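Take a look at this one; I'll ask things after.
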Amino acid sequence: MRRVAAFAALLLAAFPRPASAEWRSLRSEHFQIIGDVSQGQLRDVALQFEQFHEVVTQLIPSTLRGGSPPVVVIVFPDQRSHGPYMPRVNGRTVPVAGMFVGGQDVNYITVSLEAGHESFAVVFHEYSHLLLRGVFANAPLWFNEGLAEYYSTFEVANGGRTARIGKPIARHVQLLRERRMPLSQLFSIGHGSKEYNTDGLPRSLLYAQSWAVVHHALHGETRRRDQLIGFAQRLGAGGGLEDSLRATYALPLEQLDGEVQAYVRRQIYQHLEVDFTKSLVTRVTGNAVRLADAEVDAWLGDFLAHQRDRDSDAEAQLAKSLKARPDLAQAHAALGLLRWRQGKHDEALPYLAKASAASTSNEVAHFAYGYALATGGTRDSARLADAATALEKAIALRPGYPAAQRLLGYVYLQRDEYEKVRDLLGPMVKISPGDHDAALILAAGLLGLNDVSGARALLGPILAASPDEDARRQARTLLGQIAAVQNRSQAGSSRPSVAAPGLEQRTESTAAGTRSSGPSVILPLRPLRAGEQRTFGTFEAIECSDQGVVLVLQGPAGTVRARAAAFSSVEFTTYRSQTGGTVSCGPQPAVPALLTWRSEADSTVAVAIELVPDGYIP
Ligand SMILES: [Zn+2]
């Protein structure tokens, strides 16, 4: 979460950048570092961040999803020069040692060399959240905060050859010796809890106790690193507290609570020393380049534009940049994006067009330009062609850029380029089946290619699992179009349509707290005809013999066995993404299904089998 650390009271006043400032820019493997400091200082900062990145991703093998926005680190020599860019609340500067400002296009970090370790602790905490975001879904809050606190102690020693991580945090240890938060309470805290959202003792205890659980697992005598991760993973997957703990730590909750309490009373703590002499990251060698004043103003203006309530300061700084360099693509991109975030899409368009035409290296400017073209105004073919070009540029700059891929898929769909939709979004949906926006566009593309079963396998899970009513409605509409597609030869063709994807992935922003009961599902099931009955249960097997086939379903009142002359005479439909369009004889993966049958003489005759998504409630 966004956190700012108070720095020792400094009198801060807004003042202009001194004319003598010499700003430089340095690119390392994972960072862009800019600052009004010497080349050597820029390299030192770059080294610390690169080593931090390496240590965090090594300790917890991270699956940071492709397409994470770039990270720009702004280095100020002292708190005085940092001041004008610190957050403002009600017109007053909030003094901070360092900042992390995340954005869809770029993540900004500021550090001040004067604030030293305090500056880095704040930003390492926040940056580790960014790195760990993709490790696994729904990680519990205490796990994220505990790890971030653990990592925040990172420091480089021995001239860059060693890093230390996990040194005890004195304020946490001291607090936990006086007060405690029972683990049952800690483990129940989520993003909506008052302990997390209100400043005060419970919040301090939350951070301290989370840190203690993590430190105990990593450095206590019992060394439970893997158990800690397994425990958090099980909780994230919806497992119960006691069960998950027993399956990993093999302990009851009270015993772990007691162990952690005893742990914080000790006086000596271990930490980790990472030896970098065998690794590549012992120094950063790239050359820093001098930045022109207009470029510095563009960077700082964009940084201000990413903060809350700093739009007018941002605009002033960007205007200054454009006055000195009217052709500077970076400033056009920043100003266009600022207007665009303000919802002034028409005003944004000319700036974004200039930035995109000048091939700015800011991929979000290309994306925003493509977005404005694809979703606003009249969507004629020339606009759609320009939108596709801009989005292709954005993806070339950041391969895997999720929002740009979804939108480009949507543009291809508008252009009836169904193969391109399939080739672009097929692999993406395979990796992230929870990306329902992408899945909807892909399903529409597959319908355009007459791939009915492929489309249906995508749409069923959306109906079943999407917390978003709009996505479910679109899935229902597309399923309704399937019948039309099947009769296309008679009915004439119509393009399958979906709404333009949102800027953020809906399932990400609304996923928290929506897992519990699940939405009600209305699948377009095969209507029951006279004399037919339907049983809901688990599909178990297809027994094949010379006499025909028997479908075996475990229903609420016992096993149902329904026969047919051949499987091809049973209507088969799947609304599941995991199951292919065909099944074969033998035991079946136990999936929920609806079996439609009718009684004929003494036997039960199979009519249809419909495989439904997990969590389906008839
Ligand atoms: Zn945090």
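Derivation of every value follows stated rules applied to the coordinates shown; laboratory data play no part. This structure is a prediction, so every number in the text was calculated from the model and none was measured. For neighbour counting, all protein chains shown are included, and Cβ atoms are generated from backbone atoms with ideal geometry for every residue, glycine included.
Fewest to most neighbouring Cβ within 10 Å: what's the order for Leu478, Leu241?
Leu241, Leu478
Further question on the same structure: Which one, Ala232, Ala557, Gly434, is farthest towards the positive end of the dipole of the chain when Lys and Arg carry +1 and Asp and Glu -1 on their Cβ?
It is Ala232, whose Cα lies furthest towards the positive end.
Which is farthest toward the positive dipole end of the range 24-275 among Ala148, Leu253, Val75, measuring Cα position about the Cα centre, with Cβ charges +1 (Lys, Arg) and -1 (Asp, Glu)?
It is Leu253, whose Cα lies furthest towards the positive end.
Could you put Ile268, Ile609 in order, starting from the residue whose Cβ has the fewest other Cβ atoms within 10 Å?
Lowest count first: Ile268, Ile609.
For the range 234-378, build the convex hull from the C-alpha positions and give me its volume per residue in Å³. Mind dumping the intermediate values first?
On the way: hull volume 40.0 nm³, N = 145.
That works out to 276 Å³ per residue.
Follow-up. By DSSP, what percent of the beta bridges with both residues in the chain are antiparallel, rounded to the nearest 5?
Details: 52 of 68 bridges.
The antiparallel fraction comes to roughly 75 percent.
Could you give the length gained on full extension between Ser432 and Thr57, defined as 0.36 nm per residue of separation minus the Cα-Cα distance, in nm?
132.9 nm
What are the semi-axes of the equivalent ellipsoid of the range 333-386, taken as the square roots of 5 times the eigenvalues of the Cα gyration tensor, listed largest first and rounded to whole Å?
Listed largest to smallest, the semi-axes of the range 333-386 are 17, 13, 8 Å.
Still on this structure: Could you sort the peptides 288-295, 585-592, 23-30 by per-residue average Cβ neighbour count (10 Å cutoff), highest mean leading?
23-30, 288-295, 585-592
Less than 11 Å Cβ to Cβ from Leu528, Lys/Arg counted +1 and Asp/Glu -1: what total charge do the surrounding residues give?
+3
Another question, if that's okay. Pop out the Kirkwood hydrodynamic radius of the chain from its pairwise C-alpha distances, inverse of mean 1/r, in Å to one decimal. Numbers along the way, then the final one.
Working: mean 1/r = 0.0360 Å⁻¹.
So the Kirkwood estimate lands at 27.8 Å.
Cβ neighbours within 10 Å, averaged per peptide: list 270-276, 80-86 in order, most packed at the top. Kindly include the intermediate steps, with their values, before the conclusion.
Numbers: 270-276: 14.9, 80-86: 21.0.
Result, highest mean Cβ count within 10 Å first: 80-86, 270-276.
With the alpha-carbon atoms as the only input, what is the per residue convex hull volume for the range 532-611 in Å³?
Spelled out: Cα convex hull of the range 532-611, divided by residues, is 86 Å³.
Per residue of the chain, what 222 nm ellipticity follows from adding -39500 (n - 2.57) for every DSSP H run with n ≥ 4, rounded to the nearest 500?
Values: 24 runs with 284 residues, N = 618.
After summing the helix terms and dividing by residue count, I get -14000 deg cm²/dmol.
Moving on to the next point. Cα gyration tensor of the range 24-275, axes a ≥ b ≥ c as square roots of the eigenvalues: rounded (a/c below 1.5), prolate (a/b > b/c) or oblate?
Prolate, because a/c is 1.5 or more and a/b exceeds b/c.
If you don't mind, another one. Give the lysines whose C-alpha is closer than 26 Å to that of Lys167, dropping any in the same chain fewer than 8 places away, or say none.
Here the lysines satisfying the reach criterion relative to Lys167 are Lys278.
Can you compute the modelled spin-label distance between His191 and Asn138, with each label point 7 Å from Cα toward Cβ, in nm?
A separation of 1.4 nm, rounded to one decimal place.
What is the set of long-range amide H partners of Thr162 at a cut-off below 5 Å, with H atoms built 1.01 Å from backbone N?
Ala157, Phe276
Sequence neighbours fewer than 8 away in the same chain don't count; with that in mind, list the lysines whose C-alpha is under 23 Å from Lys430.
Partners found: Lys420.
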